[in-house]
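Chemist: Provided herewith is a single structure, encoded as structure tokens, for subsequent inquiry.
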Amino acid sequence: MARYAIGDIQGCCDELKALLAHLEFSADRDELWFVGDLVNRGPQSLETLRTVRALGANATVVLGNHDLHLLALAYGSKRKEKDGDTLDAVLAAPDREQLLEWLLRRPLAVYDEPRGDFLVHGGLVPEWTPRQAAKLAREVEAVLRDDARALFDSMYGNKPAKWHEGLRGMDRLRFVINAFTRMRYVALDGTVDLKQKGAPGEQADGFVPWFDAPGRASADVRVVCGHWSTLGFKRRKDLLALDTGCVWGGALTAVNLDSEAAPVQLRCTGHQLPGGGEG
């Protein structure tokens, strides 16, 4: 049995199928962890959703910012399509409702406490322990399933920029979603800056990558994440970053989570020019 984590697909289903063939994936024995952003920017978002959904219990999927954008287009009343979106085929598909309902019920984060792994698209703010972060994810997921429209109509925005336990209502939910799906850099006091997208070393003074924040309360687990194509592949004891920019012409990456083997990376066709919107 192998347990593979796979980076951001973003609608590049041909590359996903080629990667699974290269891994010799078997539904009888293998488990797949997807870091989110199954859809958008690439040309095959519909086929990607169908393929991953068909994996059933073999696939563990967390929501990324592009997955939430698709859901907001479908269930919200305010979100509009953006330049570079490739979601029309999903929204017009005959099985649209089954696919969207399946996606809506994916978790925002998964904490596998026995194995010491935390799966999330973006990251964890310095103050959150893994158990606290998992509990916050469940709060958001409950609202997603009970009142999706209200959440999507108020979800977007960069404020509040700093966590405190006293946050309530939509401010609390919005901050949690932003951290889990959009975060890259934090200030030393924990303030999140959602506008900076460059590689480490290019950030403004006073900011560090979220995983390098001093005293990070989740440093005792391995955070498996994506979202940050300019960071690329990064592996260390407390971090496995897997967004290697497939849709931008980089690679789609898979890592055996229970092995020290080198990552498996397949080169991708570039479907978008880098810099075209949030990754």
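The values are calculated or read from the model by the stated rules, or taken from the named source; none is laboratory data. All values reported here derive from a predicted model rather than from experimental measurement. FYI the Cβ positions are ideal-geometry reconstructions off the backbone, even for glycines, and counts take in every protein chain you see. For accessibility, only protein heavy atoms count, side chains too; no ligands or nucleic acids. Shrake-Rupley method; radii C 1.70, N 1.55, O 1.52, S 1.80 Å.
Chemist: Within the range 258-279, does at least one residue satisfy the condition of being under 15 Å from the mean Cα position of the chain (by Cα), closer than 18 Å to Arg182 by Cβ, modelled with pLDDT under 95 and not polar (S, T, N, Q)?
Modeler: Yes, the range 258-279 has at least one match.
Chemist: Taking the range 88-125 on its own, how many of its residues are within 17 Å of the chain's Cα centre (by Cα), of a type in the set (A, V, I, L, M) and outside any helix (DSSP H, G or I)?
Modeler: Total satisfying the criteria: 7.
Chemist: Report whether or not Asp30 is buried (at least 17 other Cβ atoms within 10 Å of the Cβ) and either under 30 Å from Met1 (Cβ atoms) or of a type in the set (S, T, N, Q) (or both).
Modeler: yes
Chemist: Then there is this: All but one of (1) of a type in the set (D, E, K, R); (2) surrounded by fewer than 24 Cβ atoms within 10 Å (Cβ to Cβ); (3) in a loop (DSSP other than H, G, I, E, B) hold for Arg53; state the number of the condition that does not hold.
Modeler: (3)
Chemist: Follow-up question, since we're still on this one. Given the conditions (1) in contact (Cβ under 8 Å) with a residue 40 or more places away in the chain; (2) out of contact with any strand residue (DSSP E or B) (no Cβ under 6 Å at 6 or more places or on another chain), which single one is not true for Ala137?
Modeler: (2)
Chemist: Looking at the range 168-210 only, could you name the residues that are small (Gly, Ala, Ser) and either touching a Pro at 6+ places or on another chain (Cβ under 9 Å) or part of a loop (DSSP other than H, G, I, E, B) (or both)?
Modeler: Across the range 168-210, the qualifying residues are Gly190, Gly198, Ala199, Gly201, Ala204, Gly206.
Per-residue answers, yes or no, for (1) crowded, with 20+ Cβ neighbours inside 10 Å; (2) under 14 Å from the mean Cα position of the chain (by Cα):
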{"position": "Val208", "(1), (2)": "no, no"}
{"position": "Asp212", "(1), (2)": "no, no"}
{"position": "Gly215", "(1), (2)": "no, no"}
{"position": "Ser218", "(1), (2)": "yes, no"}
{"position": "Gly226", "(1), (2)": "yes, yes"}
{"position": "Arg235", "(1), (2)": "no, no"}
{"position": "Ala241", "(1), (2)": "yes, yes"}
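Chemist: Something else about it: Please specify each residue of the range 182-223 satisfying the condition of being out of contact with any Phe, Trp or Tyr (no Cβ under 9 Å at 6 or more places or on another chain) and touching a residue at least 60 places away in the same chain (Cβ under 8 Å).
Modeler: Scanning the range 182-223 gives Arg182, Phe211, Ala213, Pro214, Gly215, Asp220.
Chemist: Next question. May I ask you to verify whether Asp85 is in a loop (DSSP other than H, G, I, E, B) and closer than 16 Å to Glu47 by Cα? Reasoning before the result, please.
Modeler: On the way: in a loop (DSSP other than H, G, I, E, B): yes; closer than 16 Å to Glu47 by Cα: yes.
Answer is yes for this residue.
Chemist: Could you say whether any residue in the range 125-136 is open to solvent by less than 10 Å² (accessible area, probe 1.4 Å), small (Gly, Ala, Ser) and within 24 Å of Arg105 (Cα to Cα)?
Modeler: yes
Chemist: If you take the residues of the range 17-27 that are touching a residue at least 60 places away in the same chain (Cβ under 8 Å) and surrounded by fewer than 24 Cβ atoms within 10 Å (Cβ to Cβ), which of them is nearest to Asp83 (Cα to Cα)?
Modeler: Looking at residues that are touching a residue at least 60 places away in the same chain (Cβ under 8 Å) and surrounded by fewer than 24 Cβ atoms within 10 Å (Cβ to Cβ), I get Ala18.
Chemist: Here is a further query. Out of everything in the range 147-156 that is open to solvent by 30 Å² or more (accessible area, probe 1.4 Å) and part of a loop (DSSP other than H, G, I, E, B), what residue ends up being nearest to Gly226 (Cα to Cα)? Break it down stepwise before answering.
Modeler: Our first condition is that a residue be open to solvent by 30 Å² or more (accessible area, probe 1.4 Å); within the range 147-156, this holds for 147, 149-150, 153-154, 156.
If we keep only those that are part of a loop (DSSP other than H, G, I, E, B) too, we end up with 147, 156.
Working: Asp147: 27, Tyr156: 20 Å.
Top of the filtered list is Tyr156.
Chemist: Continuing with the same structure: With the condition kept exactly as written, say whether any residue in the range 53-65 is hydrophobic (A, V, I, L, M, F, W, C), at pLDDT 95 or above and closer than 17 Å to Glu97 by Cβ.
Modeler: Yes - at least one qualifying residue is present in the range 53-65.
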